[in-house]
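> Handing you this structure, nothing more for now.
The values are calculated or read from the model by the stated rules, or taken from the named source; none is laboratory data. These numbers were taken from a predicted model, which means no experiment stands behind them. Cβ: placed from backbone, ideal geometry, glycine included. Neighbour counts: every protein chain shown.
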Amino acid sequence: KAGVTQTPRYLIKTRGQQVTLSCSPISGHRSVSWYQQTPGQGLQFLFEYFSETQRNKGNFPGRFSGRQFSNSRSEMNVSTLELGDSALYLCASSFLPGTSGGTSYEQYFGPGTRLTVT
Amino acid sequence: AQRVTQPEKLLSVFKGAPVELKCNYSYSGSPELFWYVQYSRQRLQLLLRHISRESIKGFTADLNKGETSFHLKKPFAQEEDSAMYYCALRGSQGNLIFGKGTKLSVKP
């Protein structure tokens, strides 16, 4: 089974621009979560999508948004980029969200997209 | 507050020595805890979770609710164990809350 894929793998943008990152979950997985990883803050939860709906959201400004398509693929968008948005953005997929119906579903992570804002 | 603390940024041991990576959490209710590992140039992957009570690659972790800890242990470290280790807590909304990570370096 193919793993979670993320495109592009590397991206360089200028402050003020916007960027869109893409995530394709493992086949059959319907939940997609996004995390930001930086040396200072570590791994921080951005948001989770399930059945094309945002299920919950972390503590990030409105410049960070996302969506999920009917095939479970997800995109995240960052508008008006700031230098501090430079990070590794990780996507993770699971069959169902978190703990559903008493079953805990494992999250499988993609390789990440390295975003550099100059 | 829901929080995970890994007090050590770096842990360096010799091959064959015991290893303990510390993890403390803050959570109201019954926590669900995980250890994730990231080897060099590889993606983040689940190592073990407390509900399965299994041993993976010789690692074990016991949930201690009294001390709010979930330390990761291995009796004899191997060079291939060198990696970044993250402790994570499933938050009340289902998302994972990660600690800052501990870099384990096993010297020959």
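> Considering each residue of region B:38-63, count those that are part of a strand (DSSP E or B), within 14 Å of chain A (Cβ to nearest Cβ) and over 14 Å from B:Leu89 (Cα atoms), and give that number.
Taking region B:38-63 first, the residues part of a strand (DSSP E or B) are B:38, B:45-49, B:56, B:59-61.
With the extra rule that they be within 14 Å of chain A (Cβ to nearest Cβ), the set shrinks to B:38, B:45-49, B:56.
Narrowing further to those that are over 14 Å from B:Leu89 (Cα atoms): B:38, B:45, B:56.
Final tally of qualifying residues: 3.
> Mind listing just one residue for me: the one in region B:43-72 that is surrounded by 15 or more Cβ atoms within 10 Å (Cβ to Cβ) and of a type in the set (D, E, K, R) and, of those, modelled with the lowest pLDDT?
Step by step, filter region B:43-72, then rank; the result is B:Arg49.
> Another question, then. Could you tell me which of the residues A:Gly3, A:Gly28, A:Gly62, A:Gly16 is free of Cβ contacts under 8 Å to residues at least 12 places away in the same chain and surrounded by fewer than 18 Cβ atoms within 10 Å (Cβ to Cβ)?
Working: A:Gly3 fails: free of Cβ contacts under 8 Å to residues at least 12 places away in the same chain; A:Gly28 fails: free of Cβ contacts under 8 Å to residues at least 12 places away in the same chain; A:Gly16 fails: free of Cβ contacts under 8 Å to residues at least 12 places away in the same chain.
Residue meeting the stated conditions: A:Gly62.
> When you go through A:Leu46, A:Leu21 one by one, which is the residue that is in contact (Cβ under 8 Å) with a residue 24 or more places away in the chain and within 11 Å of chain B (Cβ to nearest Cβ)?
Details: A:Leu21 fails: within 11 Å of chain B (Cβ to nearest Cβ).
Matching residue, one of A:Leu46, A:Leu21: A:Leu46.
> Here is a further query. Run down A:Gly98, A:Gly112 and say which single residue is touching a Gly at 6+ places or on another chain (Cβ under 7 Å), over 17 Å from A:Thr14 (Cβ atoms) and of a type in the set (Gly, Ala, Ser). Outline the logic, then answer.
Numbers: A:Gly112 fails: touching a Gly at 6+ places or on another chain (Cβ under 7 Å).
It is A:Gly98.
> While we're on this one: Restricting the search to region A:1-24, which residues are within 19 Å of B:Gln38 (Cα to Cα) and either acidic (Asp, Glu) or touching a Phe, Trp or Tyr at 6+ places or on another chain (Cβ under 9 Å) (or both)?
Listed by number, the residues that qualify are A:Gly3, A:Val4, A:Gln6.
> Looking at (1) touching a residue at least 40 places away in the same chain (Cβ under 8 Å); (2) farther than 14 Å from B:Leu89 by Cα, which is the only condition B:Asn24 fails?
Every condition holds for B:Asn24 apart from (2).
> Name the residues in region A:43-59 that are part of a strand (DSSP E or B) and surrounded by 13 or more Cβ atoms within 10 Å (Cβ to Cβ), would you? First the steps, then the outcome.
Going residue by residue through region A:43-59, those that are part of a strand (DSSP E or B) are A:43-50, A:53-57.
Matches in region A:43-59: A:Leu43, A:Gln44, A:Phe45, A:Leu46, A:Phe47, A:Glu48, A:Tyr49, A:Phe50, A:Gln54, A:Arg55, A:Asn56, A:Lys57.
> Restricting attention to region A:81-96, report how many residues are exposed (fewer than 13 other Cβ atoms within 10 Å of the Cβ) and among the charged types (D, E, K, R). Can you show your working first?
If we filter region A:81-96 for residues that are exposed (fewer than 13 other Cβ atoms within 10 Å of the Cβ), which is where we start, we get A:82-84.
After this cut, where a residue has to be among the charged types (D, E, K, R) as well, the list is A:82.
Counting residues in region A:81-96 that are exposed (fewer than 13 other Cβ atoms within 10 Å of the Cβ) and among the charged types (D, E, K, R) gives 1.
> Looking only at region B:14-37, which residues are assigned to a strand (DSSP E or B) and surrounded by 18 or more Cβ atoms within 10 Å (Cβ to Cβ)? Let's see the steps before the verdict.
If we filter region B:14-37 for residues that are assigned to a strand (DSSP E or B), which is where we start, we get B:14, B:19-21, B:24-26, B:33-37.
The answer is B:Val19, B:Leu21, B:Tyr25, B:Leu33, B:Phe34, B:Trp35, B:Tyr36, B:Val37.
For every residue, the table says whether it meets (1) of a type outside the set (S, T, N, Q); (2) more than 14 Å from chain B (Cβ to nearest Cβ); (3) surrounded by fewer than 20 Cβ atoms within 10 Å (Cβ to Cβ).
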{"position": "A:Asn71", "(1), (2), (3)": "no, yes, yes"}
{"position": "A:Glu75", "(1), (2), (3)": "yes, yes, yes"}
{"position": "A:Ser79", "(1), (2), (3)": "no, yes, yes"}
{"position": "A:Gly98", "(1), (2), (3)": "yes, no, no"}
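> Shifting gears a bit: In the list A:Gly16, A:Gly40, A:Gly3, which residue meets the criterion of being at the interface with chain B (Cβ under 10 Å from one of its Cβ atoms), over 11 Å from the mean Cα position of the chain (by Cα) and either closer than 17 Å to A:Val117 by Cβ or assigned to a strand (DSSP E or B) (or both)?
Numbers: A:Gly16 fails: at the interface with chain B (Cβ under 10 Å from one of its Cβ atoms); A:Gly3 fails: either closer than 17 Å to A:Val117 by Cβ or assigned to a strand (DSSP E or B) (or both).
The unique qualifying residue is A:Gly40.
> What strands (runs of 3 or more DSSP E) completely inside region B:64-108 contain at least 2 residues that are more than 14 Å from chain A (Cβ to nearest Cβ) and closer than 17 Å to B:Leu10 by Cβ? Don't jump to the end; show me each part of the working.
On the way: elements: B:72-74, B:83-90, B:96-98, B:102-107.
By residue number, B:72-74, B:102-107.
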